[in-house]
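A short write-up of the structure that comes next.
Coordinate-derived values only; no laboratory data. Worth saying up front: this structure is predicted, and the values here are computed from it rather than measured. Methodologically, a virtual Cβ is constructed for each residue, glycine included, from the backbone with ideal geometry; neighbour enumeration extends over all protein chains shown.
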Amino acid sequence: MIKITDITKTYGSGDTAFQALKGVSFTIEDGEFIAIMGPSGSGKSTLMHMLGCLDTPTTGTYFLDDKDVSTLTDEELADIRRLHIGFVFQSFNLLPRTTVMRNVMLPLVYAGVAEAEREKRSKDALFSAGMTESHFSHMSNQLSGGQIQRVAIARALVNNPTLILADEPTGNLDTKTGEIVLGTFQKLNKEHGRTIILITHEHDVAEYAERIITLRDGVIVSDSKSHAQRYAKHYEI
């Protein structure tokens, strides 16, 4: 599904040039749950931008579903993001005085999907993210932090993306609520076969994934199975 080969990223030029990534290579198969972790300055945010088609590498190749996206134009990258990647952010990025359903429907509105199909797909995504129908008409600012993040996960799912990219998704949540959200990702991976990449600086969070890639100073220092994989016990909020 994903093949990254000798990716580098350099910002600036000459004496001020800074190399954020220094020849990173790995593959991710369909249905894997991967954590990419590292301290501040390790290159994980730069790598996340590459994986999310928000930026292109200086050198190297990135294949997503057999397409080399490292050479695409900005417009082509936007199409890849819209059709193939679902984003979940630390800051949620929901519209606060808008219903849960409307928030999840918005990507489908922009894509020109018919109303009946928008409603069906939005409901399916919300159920997959662990939300109950009683919350669908709530405004997003009436929800708990964990519920808001689940709505954000549903919004990421609604276009049926190839890849879910979660950038520090528990960063604004307390420990218990964060575990519930991580359990939602585990459920999506195990029961629905979703490919998930989780970006985090916390080892405890990374251990909810099946595999952990660790970056330091722009290079991969380890890539291994999560030997002490954690499993969230509660999915209900």
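Some points to look at:
- 3J(HN,Hα) couplings calculated from phi for the range 186-199 with the Karplus curve 6.51 cos²θ - 1.76 cosθ + 1.60 (θ = phi - 60°) are, in sequence order, 4, 5, 4, 6, 6, 8, 10, x, 6, 7, 10, 10, 10, 9 Hz; Gly and Pro show x.
- Distance from the alpha carbon centroid of the range 98-164 to that of the range 1-35 works out to 31 angstrom.
- Estimated [θ] at 222 nm from DSSP helical runs (n ≥ 4, -39500 (n - 2.57)) normalised by residues in the chain, nearest 500: -10000 deg cm²/dmol
- A DSSP coil position with no more than 12 other Cβ atoms inside 10 Å describes the following GluC sites (Glu not before Pro) in the range 164-237: Glu236.
- Beta bridge orientation in the chain: antiparallel %, DSSP, nearest 5: 55
- Rounded if a/c under 1.5, otherwise prolate or oblate - the range 69-203, Cα gyration tensor axes: oblate
- Förster-model FRET efficiency, 25 Å R0, Phe127 and Leu83, C-beta, rounded to 0.05: 0.65
- Debye, to nearest 20: dipole size of the chain, +1 on Lys, Arg Cβ, -1 on Asp, Glu Cβ: 560
- Cα shape, the range 11-105, gyration tensor, a/c 1.5 rule: prolate
- Under Karplus coefficients 6.51, -1.76 and 1.60, residue-wise ³J(HN,Hα) of the range 88-104 in Hz, glycine/proline x: 10, 10, 4, 8, 6, 6, 8, 7, x, 9, 10, 5, 3, 4, 5, 4, 6
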